[in-house]
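Heads up: the structure comes next, in structure tokens.
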Amino acid sequence: MQKPDSLIFDMDGTLWDAVDTYAESWNAVFRDMGIDNTVTREQLSQMVGMEGRKVIGLIMPDFNEEKRQAIYAIVNERRRTILPEMGGILYDGVREGLHQLAEKYPIFILSNCAKGIIRLFIDWAGIDEHITDELAHGVNFMPKQHNIKLLMEKHGLKNPVYIGDTHGDGEESRQAGVPFVFVSYGFGTTDNYDLKFDDFKSLTHYFMDL
């Protein structure tokens, strides 16, 4: 693997755990709409990293696509309201690590979340000064491999790496033609990686020492 010129991070399962907040956004909307459905942490944890269309199909199998999309839009609006209040769990070493890494690399966040969620995370975590740019699936509804390439083109990145926590992240990285760095503390498992780290501090030390 070549020495990287930039680091592109996944968000959920890589930088933080906000599953409880995401579950509450679903359940609050279901309560308000009188829908007899409850999303559990265990259920939602297995969907972290998936694109929204697949998530809503799993959560609302009895509704048609139009109904799912309508409810999902309401859920995302509720999420934008409660996320700044409930926040999530920032993984150990992330804030300090990003501060160090940003002194050496341009830092990006690319996630399969709805539009606006990454910005709310950045503000909640207090890491705005360390982030060069971000791109969510909800901006253009394109897969990660496409959006990785968009960031590369936009910022002239030659040797980025993508850092994530799921097998899907690895596959999308491969299709984008960039190395995949797997963090094992997140929500997924995979053997398809170029590098693996068990905690964010180890990741930080590795890339700072390159």
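Give the calculated FRET efficiency between ASP191 and GLU42 to the nearest 0.05, with a Förster radius of 35 Å applied to their Cβ-Cβ distance.
Between ASP191 and GLU42 the formula returns 0.90.
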(message) Can you compute 3J(HN,Hα) from phi for each residue in region 74-84, using the Karplus curve 6.51 cos²θ - 1.76 cosθ + 1.60 with θ = phi - 60°, rounded to whole Hz and x for Gly and Pro?
(response) 5, 4, 5, 5, 5, 4, 5, 7, 8, 4, x
(request) Compute the relative contact order of region 1-124 as a whole-number percentage, counting only Cα pairs closer than 8 Å that sit 6 or more residues apart in sequence. (result) 45
(request) Give a residue-ordered list of calculated ³J(HN,Hα) values for region 38-55 (Karplus: 6.51 cos²θ - 1.76 cosθ + 1.60, θ = phi - 60°; whole Hz; x for Gly, Pro). (result) 9, 9, 9, 4, 4, 4, 6, 4, 6, 9, 4, x, 6, 6, x, 4, 6, 4
(message) Tell me the net charge near ALA114. Cut-off is 12 Å between Cβ atoms, ALA114 excluded, with +1 for each Lys or Arg and -1 for each Asp or Glu.
(response) +3
(request) Read phi for every residue in region 116-121 and hand back ³J(HN,Hα) as whole Hz from Karplus 6.51 cos²θ - 1.76 cosθ + 1.60, θ = phi - 60°, with x for Gly and Pro. (result) x, 6, 4, 4, 5, 5
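Counting each DSSP H run of 4 or more residues in the chain as -39500 (n - 2.57), what helix-only mean residue ellipticity at 222 nm follows after dividing by all residues, to the nearest 500 deg cm²/dmol?
Estimated from H runs of four or more residues: -14500 deg cm²/dmol.
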(request) Just rank ILE131, ILE8, ILE89, ILE118, fewest to most, by other beta-carbon atoms within 10 angstrom. (result) ILE89, ILE131, ILE118, ILE8
(request) Tell me the label-point distance for the pair GLN69, GLU103, using the 7 Å Cα-to-Cβ offset, in nm and rounded to one decimal. (result) 4.8
(message) Quick query: amide H of LYS196 versus all other amide H atoms, modeled in the peptide plane; which residues come in under 5 Å with a sequence gap of 5 or more or a different chain?
(response) PHE182
(request) Give me the percent of DSSP beta bridges within the chain that run antiparallel, rounded to the nearest 5. (result) 10
(message) Just to confirm my numbers, what's the Cα centroid distance between region 121-194 and region 86-115 in Å?
(response) 11
(request) Could you give the C-alpha radius of gyration of region 19-86 expressed as a fraction of 2.2 N^0.38 Å, taking N as the number of residues it contains? (result) 1.01
(request) Compute the long axis of helix 200-209 from its Cα atoms, compare it with the longest principal axis of the Cα atoms of the chain, and write down the angle in degrees, 0 to 90, nearest 10. (result) 30
(message) Between helix 19-33 and the chain, what is the angle of the helix's C-alpha long axis to the longest principal axis, kept within 0 to 90° and rounded to the nearest 10?
(response) 20
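Between ARG53 and ASN140, what is 0.36 nm times their sequence separation minus the Cα-Cα distance? Round to one decimal in nm.
Here the answer is 30.0 nm.
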(message) Output the 0 to 90 degree angle, nearest 10, between the alpha-carbon long axis of helix 144-155 and the longest principal axis computed from the alpha carbons of the chain.
(response) 50
(request) Per residue, how big is the convex hull around the C-alpha atoms of the chain? Give it to me in cubic angstrom, could you? (result) 109
(request) Return TRP26, TRP124 ranked ascending by Cβ neighbour count within 10 Å, so the fewest neighbours appear first. (result) TRP124, TRP26
(message) Could you list PHE187, PHE121 so that the one with the fewest beta carbons within 10 Å of its beta carbon is first and the one with the most is last?
(response) PHE187, PHE121
(request) Using only alpha carbon pairs under 8 Å that are at least six residues apart, calculate the relative contact order of region 100-210 and give it in whole percent. (result) 20
(request) Go through LYS3/LYS144; LYS67/LYS196; LYS104/LYS144; LYS67/LYS115; LYS154/LYS196 and tell me which ones have a Cα-Cα distance over 30 Å in this structure. (result) LYS67/LYS196
(message) Give me the percent relative contact order of the chain, please, defined on Cα pairs under 8 angstrom at least 6 residues apart.
(response) 27
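Values quoted throughout were computed directly from the atomic coordinates according to the rules given, and no laboratory measurement underlies them. In this text, all values refer to a predicted model and were calculated from it rather than measured experimentally. Neighbour counts are summed over all protein chains in view; Cβ atoms, including those assigned to glycine, are modelled from backbone coordinates with ideal geometry.
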